[in-house]
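In what follows, a single structure is set out as structure tokens and then discussed.
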Amino acid sequence: MQAPLTTKGAQRLRAELEELKSVKRPAVISAIAEARAHGDLKENAEYHAAREQQGFIEGRIKQLEAELSHAQVIDISALNAGSRIVFGATVELADTETDEEKTYQIVGDLEADIKQGQIAISSPVARALIGKHEGDSVTIAAPGGTREFDIVGVRYDA
């Protein structure tokens, strides 16, 4: 199954992959070479730390390459869903109890980042929002209990 990704998310992951391959991988290889030059590897903390870092970098490179090769990149600007919420939508919600407003963009699992207001399409919040329209109310089961939100706005930013 192909994982959906926004164009912006795919670009961000490709940039991370390029950074790992062209900057971090060569840096850790030179750190390993330098640590080897110090002699006995059994008690060489720099060598072991560099090897561990190399393992993390190589693992992340493999993960990113696999994810990007299986991803379905979706251009949000080409979607014409109007006020209906689909993948890629940026949704403004207002809590019916507190009037607190939150804005989320529904993105692929690989690019979700709650600090940036990006929620995974597989998350309970996104699943509750998909298919709804601007002006609808939605009930979301949260860890702190059930909460109700009004959908204030829906937009599709590229």
So is R84 in contact with a His (Cβ under 6 Å, 6 or more places away or on another chain) and either of a type in the set (A, V, I, L, M) or surrounded by 15 or more Cβ atoms within 10 Å (Cβ to Cβ) (or both) or not?
yes
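Using the structure shown, decide if L20 is under 18 Å from L110 (Cβ atoms), within 15 Å of the chain's Cα centre (by Cα) and not basic (K, R). Explain how you work it out, then say what you get.
Details: under 18 Å from L110 (Cβ atoms): yes; within 15 Å of the chain's Cα centre (by Cα): no; not basic (K, R): yes.
The answer is no for L20.
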Please note which strands (runs of 3 or more DSSP E) are completely contained in segment 51-158 and include at least 1 residues that are among the aromatic types (F, W, Y) and in contact (Cβ under 8 Å) with a residue 40 or more places away in the chain.
145-155
Tell me, please, whether a residue that is surrounded by 14 or more Cβ atoms within 10 Å (Cβ to Cβ) and closer than 29 Å to A15 by Cβ can be found in segment 141-148.
no
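Pick from A49, A71, A66: which is surrounded by 13 or more Cβ atoms within 10 Å (Cβ to Cβ), at negative phi, of a type in the set (G, A, S) and under 19 Å from the mean Cα position of the chain (by Cα)?
Details: A49 fails: under 19 Å from the mean Cα position of the chain (by Cα); A66 fails: surrounded by 13 or more Cβ atoms within 10 Å (Cβ to Cβ).
That would be A71, the only listed residue that is surrounded by 13 or more Cβ atoms within 10 Å (Cβ to Cβ), at negative phi, of a type in the set (G, A, S) and under 19 Å from the mean Cα position of the chain (by Cα).
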Here are the criteria: (1) over 29 Å from L17 (Cα atoms); (2) modelled with pLDDT under 90. Tell me which single one L110 does not satisfy.
(1)
Answer with yes or no whether R127 is closer than 30 Å to Q2 by Cα, among the basic types (K, R) and in contact with an Asp or Glu (Cβ under 9 Å, 6 or more places away or on another chain).
no
Report yes if some residue within segment 111-127 is surrounded by 15 or more Cβ atoms within 10 Å (Cβ to Cβ), in contact with a strand residue (DSSP E or B) (Cβ under 6 Å, 6 or more places away or on another chain), farther than 30 Å from K24 by Cβ and not polar (S, T, N, Q); otherwise report no.
yes
Of the numbered conditions (1) within 29 Å of L17 (Cα to Cα); (2) of a type outside the set (S, T, N, Q); (3) buried (at least 17 other Cβ atoms within 10 Å of the Cβ), L93 fails exactly one; give the number of that condition.
(1)
Given the residues H70, H133, which is the only one that is more than 30 Å from K24 (Cβ to Cβ), in contact with a strand residue (DSSP E or B) (Cβ under 8 Å, 6 or more places away or on another chain) and of a type outside the set (S, T, Y)?
H133
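The values are calculated or read from the model by the stated rules, or taken from the named source; none is laboratory data. Keep in mind the model is a prediction, meaning the values are calculated, not measured. Neighbour counts are summed over all protein chains in view; Cβ atoms, including those assigned to glycine, are modelled from backbone coordinates with ideal geometry.
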